[in-house]
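Note sheet for the following structure.
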Amino acid sequence: MPHTYTTTTDKTYYLKARRTKKGNPSYYLTRKKDEDCLDIMPAGYEIFEKYDTGQAFIRKVKKSHIEGREVEIIKKELRKNKSLYDFKLDTCGDEIRIYTKEKDSDAEASDRLRNLGRDIPEAAWYKFKRYEEQMRISLTQPDGQREFIVKRYCYRSSIDDWMVIDSGRDIKALAEKNLYHLGKESYFELFRF
C-alpha cells in the first residue's frame, strides 16, 4: 500500500522517488497514484505541510534542540487565546513556526460566497481553511545558554519580512507575553526598539 499524506484541505499526496543525474535518490510528493509510489518513508526524511498554501512537501529531517515540553508550553498558551479559531505548529530544526486561523474568517468567507449566490455545506468548510504564518520562535545557544527569539511578520510594504519582537531564556514567560496578541489588533503594535 502506498505511503500517503492527507493535508488539512483534504488533498492526498503519494510518495515517489527518482534518480538524479549523479544517480542519487530524490524523493517527492505527487497527487497521482500509480505503481511507482513508495510504501515506506525513507529514513531521515519527513513530510511537512505549508499550512498557508495547503501544499505538502518532503524534506530532510533537521536535528532540533527544542524540547517537547517547550512545544507543549507554546500549544497551551495558544489554546488560551480565544481570538484564534485554530493553529498549527511546524518545528523545523531549532525554529517553531506558528500558523493561525482567526475565529471569524470562516464566517466572513461564507458570507462572501453567499453574496455571490453560492451555498457551501458547513461540513465542506475544512477545504477552505486558510492559515497564516504569524510568529516564529527560534532557539539559539550562544555560549551554551538556551535563549529564544520571538519574531512576528511585518506587513509594512517597506519591510515585508520577519522582525524580532522579544527574546529571553524563559519560554513560558515569552509565550505568555507574546502569543496573547495573535488574532488581535495589538499584534500589529508588537515592536522591539
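Within the stretch 128-157, the set of residues being among the small types (Gly, Ala, Ser) and crowded, with 18+ Cβ neighbours inside 10 Å comprises Ser138 only.
Pick from the stretch 117-138 the residues that are modelled with pLDDT under 65 and of a type outside the set (A, V, I, L, M, F, W, C): which of them is farthest from Ile171 (Cα to Cα)?
Gly117
Within the option set Tyr14, Tyr28, being touching a Pro at 6+ places or on another chain (Cβ under 6 Å) and in the same structural domain as Gly54 (by TED's automatic domain parsing) holds for one residue only, Tyr14. Considering only residues in the stretch 50-99 that are over 14 Å from the mean Cα position of the chain (by Cα) and among the aliphatic types (A, V, I, L, M), the one that is nearest to Ile149 (Cα to Cα) turns out to be Ile66. Of the residues making up the stretch 139-193, those that are among the hydrophobic types (A, V, I, L, M, F, W, C) and at pLDDT below 90 are Cys154, Ile159, Phe188, Leu190, Phe191, Phe193. Which of the residues belonging to the stretch 1-37 are surrounded by 14 or more Cβ atoms within 10 Å (Cβ to Cβ) and either among the aliphatic types (A, V, I, L, M) or on the phi > 0 side of the Ramachandran plot (or both)? Across the stretch 1-37, the qualifying residues are Leu15, Leu29.
Return the only residue of Val61, Val71 being exposed (fewer than 13 other Cβ atoms within 10 Å of the Cβ), under 26 Å from Gln141 (Cβ atoms), of a type in the set (A, V, I, L, M) and at pLDDT 80 or above.
Details: Val71 fails: exposed (fewer than 13 other Cβ atoms within 10 Å of the Cβ).
Residue meeting the stated conditions: Val61.
The values are calculated or read from the model by the stated rules, or taken from the named source; none is laboratory data. Because the structure is predicted, anything quoted here is derived from the model rather than measured. Here Cβ is always computed from backbone atoms with ideal geometry, including for glycine, and neighbour counts include all displayed protein chains.
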